[in-house]
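Engineer: First, the structure itself, so that you have it in front of you.
The values are calculated or read from the model by the stated rules, or taken from the named source; none is laboratory data. Because the structure is predicted, anything quoted here is derived from the model rather than measured. Positions of Cβ are generated from backbone atoms using ideal geometry, with glycine treated the same way; all protein chains shown enter the neighbour counts. Side chains included, ligands, DNA and RNA excluded: accessible areas come from the protein's heavy atoms. Shrake-Rupley method; radii C 1.70, N 1.55, O 1.52, S 1.80 Å.
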Amino acid sequence: SAELDEIFNDHMVLIVTREYCELLSHFFSKTRKKENKRKSGQFNPITEHLLHEKSVFGPLLMSVFSCMAWGDGVSSNRACAMAHNAIKLITSTGEPLSEEATYTFLAKALQALQIHGQHDNCLYTLLNVIVSIMQITYRTIPHVIRGILNQIPNVNPEKIDRFFNTLERKEASDRNLRDCLQSVVSPIISRPISEAGKQQYKIQENGGPLLFKKTKQRHRHQYRTRGLHILFNRQPS
């Protein structure tokens, strides 16, 4: 029957999704030596080599951040852990995170919040990823972060200012940052299906979030080429 076919197809998609995340985890998961488990671990040597192969590493990064917004919560959680490691890997090279890369990563994370934010565990990991991106970019390209946050529907500008003030405080804990950020993005965090008026917004792959103003599309093409910007440039056909 059509119902059984739909159930079977959904189950196959779930299996393939998790298998794909398993494959990605071999690139973005750290390995620890048995003799010293206290160390933070190292990335696979293949991953460190691919870091310099822009034609390969760029799509891998996009796959990781795209996985966060997939419908499977288990895959999203695994992708969050990989995204967190990927950010550390990028920053360890000393290469700055470009405006284009920052916009793309934050857009994916916001999309994931809209889908999985109703689950506490997913919410916690997604907020950690967003905070880690903002911590390494708010001093160099604060206008990109503010530009995205200011376009969230029904956002309170005072909460955005409060979040930036919290970022500036050296004594601010990770929990303070997460709580402050959650207050900012609360209008787009999805609600349980049982709640009336649940809203879901779609984010386009290349055009930016639909929940943002269309003028953002114009500004994105004005970004200067530097850092990881090349990872997201389309190659002319």
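Engineer: Once you list every other residue whose beta carbon is under 13 Å from the beta carbon of residue 12, what net charge do they have if Lys and Arg are +1 and Asp and Glu are -1?
Structural biologist: -4
Engineer: Counting only protein heavy atoms and a 1.4 Å probe, tell me what percentage of the range 79-131's accessible area is made up of carbon and sulfur.
Structural biologist: Here it works out to 52 percent.
Engineer: Tell me the per residue accessible area of the range 76-179 using a 1.4 Å probe; a whole number in Å² is fine.
Structural biologist: Computed with neighbouring chains in place, this is 42 Å² per residue.
Engineer: In whole Hz, with x marking every Gly and Pro, tabulate ³J(HN,Hα) for the range 158-166 from phi via Karplus 6.51 cos²θ - 1.76 cosθ + 1.60, θ = phi - 60°.
Structural biologist: 5, 5, 5, 4, 5, 5, 5, 5, 5
Engineer: Quote the relative contact order of the range 99-168 in percent (integer), defining contacts as alpha-carbon pairs under 8 Å separated by 6+ residues.
Structural biologist: Here the relative contact order equals 31 percent.
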